[in-house]
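Only the coordinates and a few stated rules stand behind these numbers; no lab work does. Model, not experiment: these values are computed from the prediction. For neighbour counting, all protein chains shown are included, and Cβ atoms are generated from backbone atoms with ideal geometry for every residue, glycine included.
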Amino acid sequence: MKYLLLLSAVLIHVPGICPADTSDLLAQLIDAAKDRTRHRITYDGSYFTIPYPNGDIPKHLGVCTDVLIRSYRQLGIDLQRLVHEDMSAHFELYPSKRIWGLTRPDKNIDHRRVPNLQVFFQRHGTSLPVSGNPADYKPGDIVTWMLPGNLPHIGIVVDEQSADGARPLIVHNIGEGPKKEDMLFNYKITGHYRFTGR
């Protein structure tokens, strides 16, 4: 019996199993997202040929997805590789053919497209309810929106509140570089996820 209890205690502390590890990772993600707001980034959604894995576009450029990609990369999680591997195995589950007319994965751009990230987070993260209740959106959560003109957008919930304390702030890049803003309900929310890697 002692050995079983000892084994259970050891298993509880294995990285990736312990809830404390998840909380720590989310805290690191929040810090990484907030750190992005200290970088001067010119909004540029151009196609770039980049290395693989751990490839990145020029550091002074980026779009909304690059906020996530670079934040997760600070935690050692490479969304470029993860999305590419999943799309290579399950291309038909992703909207690349329907939206962009692609017939195979493209490791240079797939992870930088919001609709692809939505599918990836649905498959490998946790899909959470979309609601009008700000309390449902926890620090470290990922939110997607549809902007006017049918433009998909993505950001990260952080651990700070709006001036009136009613809503969590979001780190995102909507065109003027990464910013921390009170904009959770400014646009139609299309997705709500949590992803802690694997």
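So the values come out like this:
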quantity	calculated
Under 15 Å, Cβ to Cβ, from Arg104 - net charge with Lys/Arg +1 and Asp/Glu -1	-1
Separation of alpha-carbon centers, segment 166-181 and segment 142-159, rounded to whole Å	10 Å
Lys, Arg +1 and Asp, Glu -1 on Cβ, resulting dipole of the chain about Cα centre, debye, nearest 20	340 debye
Peptides ranked, highest mean first, by Cβ atoms within 10 Å: ranges 122-133, 23-34	23-34, 122-133
Within straight-line cross-link reach of Lys188, aspartates and glutamates at Cα separation under 17 Å, skipping those fewer than 8 residues along the same chain	Asp136, Asp141
Karplus-derived HN-Hα couplings along segment 152-158 (A = 6.51, B = -1.76, C = 1.60, θ = phi - 60°), whole Hz, x at Gly and Pro	x, 9, 8, x, 10, 6, 10
³J(HN,Hα) computed for each position of segment 106-111 - Karplus, 6.51 cos²θ - 1.76 cosθ + 1.60, integer Hz, glycine/proline x	10, 5, 7, 9, 3, 6
Percentage relative contact order, segment 59-184, counting C-alpha pairs under 8 Å, at least six apart	22 percent
Estimated vicinal HN-Hα couplings, Hz - segment 185-194 in sequence order (Karplus 6.51, -1.76, 1.60; Gly, Pro = x)	10, 6, 9, 5, 7, 10, x, 8, 9, 9
Dipole axis of the chain (+1 Lys, Arg; -1 Asp, Glu on Cβ), positive-most option in Met87, Gly125, Gly62	Met87
